[in-house]
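The values are calculated or read from the model by the stated rules, or taken from the named source; none is laboratory data. The structure displayed is predicted, hence computed values, not measured ones. Note that we place each Cβ from the backbone using ideal geometry, even for glycine, and neighbour counts take in every protein chain shown.
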Amino acid sequence: METRSRIDILSLFLYFAIAIVGIASVYSATYEDGAMTLLDGRSGKQIMWFGVSLFVGIIIFLLNANFFEVFSWYFYIPLMLLLVVVLFIGADINGARSWIKIGSFSIQPSEFAKYGAAFAVSSVLSSIDFSFNKRSDVIKLFAVIVLPAILIIIQGDTGSALVFASFIIVFYREGLTPILLVLGLVAIFIFVLTLVIGFSYFAITALVLFLVFTAFTYTNKKMIIPSLSILAVVVLFSLSVQFLFNNVLQQHQQKRIQVTLNLIEDNQGAGYNVNQSKIAIGSGGLTGKGFLNGSHTKGNFIPEQTTDFIFCTIGEEGGWLLSSLTILLFVLFILRLLYLSSRAKKKFKRIFILSLASIFFFHLLVNVGMTIGLMPVIGIPLPLISYGGSSILAFGIFIFTALKMDASRDEDLTSES
């Protein structure tokens, strides 16, 4: 009873507020006539899965405060095995073998893999002898997020695999050198620039910049070899971009990136979803067309509108005001999670809650970004809003576990920085 009374009320309120927006959005996106109630169709299933999440949340709060830390690897290993199992018995849906069918229900293990990875990351980082200066520790840390990402890529779900990159934020917060982050951003910049202007122009630009730099530092002979080495690495990476783009990414993924970068216009093909989504959101104006009154939503112009593109329903029917309010709810929830993480007295709990905040941020950034054309369409849900039992349940379990850890913080005997 003591820990239950200490549950963070603000976090719970934000959780329910986002959930209500999600249920209303799914209901509106699937509404057909006056005979359909909130408990029918996908909105009814959405409510059911939230109910299941609450039930599991109650069980979580009845567990011992140290249960999750002691059994952290017992969450990670079985979930990784599920990712392997789905490769053999999984059902193909939308080109990805990511679901295990159980009767009329489908479970997507990749949604729960994030939860398991958070435990493994927290366990590795909070171990007494862990150090980012030890190569073996760093390899082990990256292995626990690379393994599920590779298994999910094999399933054909690149979008879900990319979510594991959000753990880099956690690593940085816990002491990873910012040089790796900078190098990652530089690599993304080179990748995009090479696709936009082509390898030849990029190589010429890089060479010109090298010559200019050499002209200003010609008196320092020691800079020549390092500068030449950097130039060679940059040019070789740029040269590999086209090969990676053509041979690693699938054709529909290539077109989505090209559409996002305005390299091609394909409003009837790869760019159709995004184009229709932007039209729907733009037509909502300041206050929107009103609940259940979205013409684009009712006309079924946008495929996957209850899942990946649910945000365009919010934009069309609620306008800029409801869209901004929804994003604000997410931002406040993420900030609250960061606060809960900062006041945790055990390193394991701090890292776990921070992992949840990072994953939430990544989902929000990418999902909203792709519905307004700022990000390629990679197919990840908007947490607690997009329709999907696995996503709703996985995030619910994730959130209630984090809240349980926060509620039991005073029971921790030791305080760790």
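Considering only the stretch 168-184, how many residues are at pLDDT 85 or above and part of a helix (DSSP H, G or I)?
6
Just checking, how many residues over the stretch 46-93 are assigned to a helix (DSSP H, G or I) and in contact with a strand residue (DSSP E or B) (Cβ under 8 Å, 6 or more places away or on another chain)?
5
For Ala344, are the conditions met, namely being more than 30 Å from Gln251 (Cβ to Cβ), touching a residue at least 12 places away in the same chain (Cβ under 8 Å) and in contact with a Lys or Arg (Cβ under 6 Å, 6 or more places away or on another chain)?
On the way: more than 30 Å from Gln251 (Cβ to Cβ): yes; touching a residue at least 12 places away in the same chain (Cβ under 8 Å): yes; in contact with a Lys or Arg (Cβ under 6 Å, 6 or more places away or on another chain): yes.
Taking the combined requirement at face value, the residue satisfies it.
Just for the stretch 21-59: of the residues that are within 14 Å of Leu382 (Cβ to Cβ) and β-branched (Val, Ile, Thr), which one is surrounded by the most Cβ atoms within 10 Å (Cβ to Cβ)?
Result: Val26.
Tell me the residue from Ile378, Ile353, Ile397 that is among the β-branched types (Val, Ile, Thr), surrounded by fewer than 24 Cβ atoms within 10 Å (Cβ to Cβ) and at pLDDT 90 or above, please.
Ile397
Cβ contacts < 6 Å: first residue in a helix (DSSP H, G or I), restricted to the stretch 279-291; second residue small (Gly, Ala, Ser), any location; separation 6+ or different chain. Result?
From the stretch 279-291, the pairs are Ile281/Gly315.
Return yes or no: is Met405 within 13 Å of the chain's Cα centre (by Cα) and in the same structural domain as Leu79 (by TED's automatic domain parsing)?
No.
One line per residue, one yes/no per condition, for (1) touching a residue at least 24 places away in the same chain (Cβ under 8 Å); (2) within 19 Å of Lys347 (Cα to Cα); (3) under 18 Å from the mean Cα position of the chain (by Cα):
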{"site": "Ala118", "(1), (2), (3)": "yes, yes, yes"}
{"site": "Val124", "(1), (2), (3)": "no, yes, no"}
{"site": "Ile128", "(1), (2), (3)": "no, yes, no"}
{"site": "Phe132", "(1), (2), (3)": "yes, yes, no"}
{"site": "Leu141", "(1), (2), (3)": "yes, yes, no"}
{"site": "Leu147", "(1), (2), (3)": "yes, no, yes"}
{"site": "Gln155", "(1), (2), (3)": "yes, no, yes"}
{"site": "Gly159", "(1), (2), (3)": "yes, no, yes"}
{"site": "Val163", "(1), (2), (3)": "yes, no, yes"}
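Consider the stretch 67-93. How many of its residues are without any contact (Cβ under 8 Å) to a residue 40 or more places away in the chain and more than 18 Å from Gly388 (Cβ to Cβ)?
10
For the stretch 284-309, enumerate the residues that are among the polar types (S, T, N, Q) and over 25 Å from Phe362 (Cα atoms).
In the first step, residues of the stretch 284-309 are kept if they are among the polar types (S, T, N, Q); the result is 287, 293, 295, 297, 300, 305-307.
Listed by number, the residues that qualify are Thr287, Asn293, Ser295, Thr297, Asn300.
Of the residues Val377, Val331, which is outside any helix (DSSP H, G or I) and more than 22 Å from Arg42 (Cα to Cα)? Show your work before the answer.
Details: Val331 fails: outside any helix (DSSP H, G or I).
Step by step, each of Val377, Val331 is checked, and only Val377 is outside any helix (DSSP H, G or I) and more than 22 Å from Arg42 (Cα to Cα).
Return the pairs, sorted by first residue and then second, in which the second residue is of a type in the set (Val, Ile, Thr), the first residue lies in the stretch 325-340 and is on the phi < 0 side of the Ramachandran plot, the beta carbons are less than 6 Å apart, and the residues are 6+ apart or on different chains.
From residues that are on the phi < 0 side of the Ramachandran plot, the pairs are Thr326/Val21; Thr326/Ile314; Leu329/Ile18; Leu337/Ile353; Leu340/Ile353.
Please pick out the residue among Ala118, Ala113, Ala187, Ala165 that is assigned to a helix (DSSP H, G or I), modelled with pLDDT of 90 or more, surrounded by fewer than 21 Cβ atoms within 10 Å (Cβ to Cβ) and among the hydrophobic types (A, V, I, L, M, F, W, C).
Checking each option against the conditions leaves just Ala165.
Counting only residues that are under 14 Å from the mean Cα position of the chain (by Cα) and assigned to a loop (DSSP other than H, G, I, E, B), how many does the stretch 383-397 have?
4
Across the stretch 60-75, what is the total count of residues that are β-branched (Val, Ile, Thr) and surrounded by 14 or more Cβ atoms within 10 Å (Cβ to Cβ)?
The total comes to 1.
May I ask you to list the residues in the stretch 292-329 that are modelled with pLDDT of 85 or more, over 19 Å from Gly379 (Cβ atoms) and hydrophobic (A, V, I, L, M, F, W, C)?
Those that are modelled with pLDDT of 85 or more, over 19 Å from Gly379 (Cβ atoms) and hydrophobic (A, V, I, L, M, F, W, C): Trp320, Leu321, Leu322, Leu325, Ile327, Leu328, Leu329.
Out of the residues in the stretch 264-291 meeting the condition of being of a type in the set (D, E, K, R) and at pLDDT below 80, tell me which one is nearest to Lys45 (Cα to Cα).
In this case the residue turns out to be Asp266.
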